[in-house]
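Undergrad: Here you go, one structure.
The values are calculated or read from the model by the stated rules, or taken from the named source; none is laboratory data. Only a predicted model underlies this, so the values are computations on that prediction, with no experimental measurement involved. As a convention, Cβ positions derive from the backbone with ideal geometry for all residues, glycine included, and neighbour counts pool all protein chains shown. The accessibility values were calculated without ligands, DNA or RNA, using every heavy atom of the protein model including side chains. Shrake-Rupley method; radii C 1.70, N 1.55, O 1.52, S 1.80 Å.
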Amino acid sequence: MNAKKADKIATGILYAISGVIVLILAALLLYILIRGIPHISWDFLTKPSKAYQAGGGIGIQLFNSLYLLLITMLISFPISLGAGIYLSEYAKKNWVTDVIRTSIEILSSLPSVVVGLFGFLIFVVQIGYGFSIISGALALTFFNLPLLTRNVEESLKAVHYTQREAGLSLGLSRWETVIKVVVPEALPGILTGVILSSGRIFGEAAALIYTAGQSAPALDFSNWNPLSVSSPISIFRQAETLAVHIWKINTEGTMPDGAAVSAGASAVLILVVLLFNFGARFIGNRLYKRMTSA
């Protein structure tokens, strides 16, 4: 067998493997969407859930998922961005950076249940936040930091060194070069990391069962008192998310139309993640063109 035939065979095998993976993912997505989309309606998306009677919706759970995602990203993204910039642009090869990188690897290997139990012991019990959005967001921050930090670091490292030299040659300081030249160039890669980590957060259930709680109190959207339990912007209230709601429906079995609600909620979860992915990529490309004048 000559080299060209071997190359064609290897390429064909790789294409076949890729095709099988894509087909499996497409089949899973289609199965979830085909079963769930018929149950989705405006009432389903806006009405509160019902425990012992049919006809409930997912309005509060959907809002809780989006709000918890927002709070978690507000906490974790600045920390990850700072850590990524430090590791990529300033950190020297010594035992301190080795400890940091080892800690990141350890955090990334922790199961989400362990992160949830850690959050329960520290934020719910010791600090006294109780089952709340802030407890869930802080626990998910530990869950989210390794992936986001590593992605920011690798995105910054992927920027060619001539970009840094060009900034320094124009009289910019090292910090100005990082902020005004390197970070804008690395923005698409950083945004990809934000998308991936956001998808993990939005679909996370195990860690939130022990931190954000398993109930969804009724919300008064005219109440903007951040300390009120019924306020939608309060971070100290319990917040059952969409993923936790799906788990709860399938484990408790107290809802007469539980199968339909579970299928519809699963489809909504998939659609929101897909919408967020495509929307974030579009916004990222627009920001990249604006910030780099491309």
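Undergrad: Below 8 Å between Cα atoms, with a sequence gap of 6+, how large is the relative contact order for region 1-137 in percent?
TA: Here the relative contact order equals 14 percent.
Undergrad: Would you kindly derive the ³J(HN,Hα) couplings of region 209-225 from the backbone phi angles with the Karplus curve 6.51 cos²θ - 1.76 cosθ + 1.60 (θ = phi - 60°), listing them in order in whole Hz, with x for Gly and Pro?
TA: 4, 8, 10, 8, x, 10, 10, 10, x, 4, 10, 10, 6, 9, 9, 10, 7
Undergrad: Could you check which residue among Ile190, Ile60, Ile79 shows the biggest mean-square fluctuation in a GNM of the chain with a 10 Å Cα cutoff?
TA: Fluctuation is largest for Ile79.
Undergrad: Which lysines, if any, have their Cα less than 21 Å from the Cα of Lys180, not counting same-chain residues under 8 positions apart?
TA: Lys157, Lys289
Undergrad: If you don't mind, there's one more thing I want to ask. For region 40-292, calculate the relative contact order in percent as a whole number, restricting contacts to Cα pairs under 8 Å that are 6 or more residues apart.
TA: Relative contact order of region 40-292: 25 percent.
Undergrad: Shifting gears a bit: Based on the Cβ-Cβ distance from Ser18 to Tyr90, what FRET efficiency comes out when R0 is 51 Å, to the nearest 0.05?
TA: Efficiency, from the Cβ-Cβ distance: 0.85.
Undergrad: Scanning the chain for helices, which whole DSSP H stretches are 24 Å or more long along the axis (Cα) and average -0.5 or more by Kyte-Doolittle?
TA: Span-like helices in the chain: 3-36, 59-85, 133-157, 258-292.
Undergrad: Can you give me the Kirkwood hydrodynamic radius for region 40-292, using every pair of distinct Cα atoms, in Å to one decimal?
TA: Every distinct Cα pair counted, the radius reaches 19.8 Å.
Undergrad: Another question, then. Would you mind counting up the charge near Ser262? Only other residues with Cβ under 12 Å from its Cβ, with Lys and Arg at +1 and Asp and Glu at -1.
TA: 0
Undergrad: How about Lys248: which lysines have a C-alpha closer than 29 Å to its C-alpha, ignoring those fewer than 8 places off in the same chain?
TA: Lys47, Lys50
Undergrad: If ligands, DNA and RNA are left out, what is the accessible area of His39 with a 1.4 Å probe, given in Å² to the nearest 10?
TA: Its accessible surface works out to 80 Å², give or take rounding.
Undergrad: Can you give the FRET efficiency for Ile122 and Ala54, using 1/(1 + (r/R0)^6), R0 = 35 Å, r = Cβ-Cβ distance, to the nearest 0.05?
TA: That pair, Ile122 with Ala54, gives E of 0.35.
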